[in-house]
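Visitor: Got a structure for you, written out below as structure tokens; questions coming shortly.
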Amino acid sequence: AGGGGPVVRRPAFRPVTIRTARDAVTAAALYLKWLGFHSLRPSEDRAASGVDLYGTGVVAQVDPTTRPTGLRDIECLWLNGLQKSAMSVFFSLAGYAREARARADALHLPLFIMDLTGTPQPVNDPADALIRMGPPDG
């Protein structure tokens, strides 16, 4: 069956322990860098954009709350990605509401869940593909 291109080889990911919301954003940034995204920087105004990280070809949001990430967060991030012509990637500590997960799958938006060790785990097929192949322009 089809694979969709070469598999990216990279060293093991080195996580950072998550104690605060800022740690969660740091862990997501390190993970995106590990995946092959470059020039990552924190958002100037997260409240306005809903985006935590910008990089070359990527926008990412990190939900550090204890509630599952909802549909609106997924759609807002996806729209930010469209606006920037970038891939949108979501990281959540508490997982995703069912409708948020279904929408992300329909939009091919990679979802990751993070535990307190700071190691993101793929939640859906787009996330698995991103780990396997790296960034689209990679």
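The values are calculated or read from the model by the stated rules, or taken from the named source; none is laboratory data. Since the structure is predicted, the reported quantities are computational estimates derived from the model, not experimental observations. Quick reminder, even Gly has a Cβ in these numbers, built from the backbone with ideal geometry, and neighbours come from all protein chains shown. All accessible areas refer to the heavy atoms of the entire protein, side chains included, with ligands and DNA or RNA removed. Shrake-Rupley method; radii C 1.70, N 1.55, O 1.52, S 1.80 Å.
Visitor: Given the criteria over 26 Å from Ala12 (Cβ atoms) and either part of a helix (DSSP H, G or I) or in contact with a helix residue (DSSP H, G or I) (Cβ under 6 Å, 6 or more places away or on another chain) (or both), does Trp78 qualify?
Guide: For Trp78, the condition - over 26 Å from Ala12 (Cβ atoms) and either part of a helix (DSSP H, G or I) or in contact with a helix residue (DSSP H, G or I) (Cβ under 6 Å, 6 or more places away or on another chain) (or both) - is met.
Visitor: Looking at the stretch 62-72, can you tell me whether even one residue there is in a helix (DSSP H, G or I), open to solvent by 40 Å² or more (accessible area, probe 1.4 Å) and among the basic types (Lys, Arg)?
Guide: Yes, the stretch 62-72 has at least one match.
Visitor: Between a first residue in the stretch 49-68 that is within 18 Å of Pro136 (Cα to Cα) and a second residue that is among the polar types (S, T, N, Q), which pairs have beta carbons less than 6 Å apart while being 6 or more apart in sequence or on different chains?
Guide: Short answer, once both residue conditions are applied: Gly55/Ser39; Thr56/Ser39; Val59/Asn80; Val59/Ser88.
Visitor: To continue, here is another question. Hey, any hits in the stretch 99-117 for a residue that's among the polar types (S, T, N, Q), within 13 Å of the chain's Cα centre (by Cα), modelled with pLDDT of 90 or more and farther than 22 Å from Pro136 by Cα?
Guide: No, that holds for no residue.
Visitor: Every residue in the stretch 116-126 that is in contact (Cβ under 8 Å) with a residue 24 or more places away in the chain and not in a strand (DSSP E or B), please.
Guide: Leu116, Thr117, Gly118, Thr119, Val123
Visitor: Does Arg41 satisfy the condition of being modelled with pLDDT of 95 or more, open to solvent by 60 Å² or more (accessible area, probe 1.4 Å) and of a type outside the set (Asp, Glu)?
Guide: No, not satisfied.
Visitor: Quick check: anything in the stretch 99-108 crowded, with 20+ Cβ neighbours inside 10 Å and part of a strand (DSSP E or B)?
Guide: no
Visitor: Further question on the same structure: Condition first: open to solvent by less than 10 Å² (accessible area, probe 1.4 Å) and of a type outside the set (Phe, Trp, Tyr). Now tell me which residues in the stretch 109-127 satisfy that.
Guide: Leu109, Pro110, Leu111, Met114, Gly118, Pro120, Asn124, Ala127
Visitor: Within the stretch 83-98, track down each residue that is farther than 14 Å from Leu35 by Cβ and either in a helix (DSSP H, G or I) or free of Cβ contacts under 8 Å to residues at least 60 places away in the same chain (or both).
Guide: Gln83, Lys84, Ser85, Ser92, Ala94, Gly95, Tyr96, Ala97, Arg98
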